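Have a look at the structure below, then the notes.
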């Protein structure tokens, strides 16, 4: 009988060790999954933290551009050195404006997305790219790339690339997104601009 009573505590200790190991492995797996989701979200690969339905109101906006506001009065320069205001290009047409930069991975993904989606070939919608150095992006796309000054970007606090803006036919901003997230699908853009 003494041997039997000695085994119970030993069995209980092994069971506790097993529970501690299992808890440790669960914590490690959850920590790794959370870290992976954070990294993927920051790289724009997935939008894992959106628990609500995608809408223009829950897009990240780090700029001074506001939903419902009018198209910004940015002076832009075309390939032929023609200067005009962005609002002149937008007049009475749904427009996607993307502020992009050379060397920006999410910008290149957005440019490829636009080309693959066919939004740029739509009769009722146009896509305009704005960059400080348009020449550095010419090989990436056939889309028109206009030059925008650093001062204009500072005025509207556009420091995140790409910053994607949807402009309705009446010139009002319907989408402002600092970064290219998984929420910005072709259907989402068509439905919300």
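The values are calculated or read from the model by the stated rules, or taken from the named source; none is laboratory data. Here the structure is a predicted model, which means the values were calculated and not measured. Backbone-built Cβ (ideal geometry, glycine too); neighbour counts: all protein chains shown.
Residue 89 is checked against (1) closer than 18 Å to residue 61 by Cα; (2) surrounded by fewer than 21 Cβ atoms within 10 Å (Cβ to Cβ); (3) touching a strand residue (DSSP E or B) at 6+ places or on another chain (Cβ under 8 Å) and fails just one. What number does that condition carry?
Among (1) closer than 18 Å to residue 61 by Cα; (2) surrounded by fewer than 21 Cβ atoms within 10 Å (Cβ to Cβ); (3) touching a strand residue (DSSP E or B) at 6+ places or on another chain (Cβ under 8 Å), the lone unmet condition for residue 89 is (1).
Conditions (1) assigned to a helix (DSSP H, G or I); (2) modelled with pLDDT of 70 or more, marked per residue:
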{"position": "36", "(1), (2)": "yes, yes"}
{"position": "40", "(1), (2)": "yes, no"}
{"position": "44", "(1), (2)": "no, no"}
{"position": "47", "(1), (2)": "no, no"}
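Report whether or not residue 137 is assigned to a loop (DSSP other than H, G, I, E, B), without any contact (Cβ under 8 Å) to a residue 40 or more places away in the chain and assigned by TED's automatic domain parsing to the domain that holds residue 114.
When the stated conditions are applied, residue 137 does not pass them.
Quick check: anything in segment 148-158 at pLDDT 90 or above, in contact with a helix residue (DSSP H, G or I) (Cβ under 7 Å, 6 or more places away or on another chain) and either within 20 Å of residue 71 (Cβ to Cβ) or outside any strand (DSSP E or B) (or both)?
no
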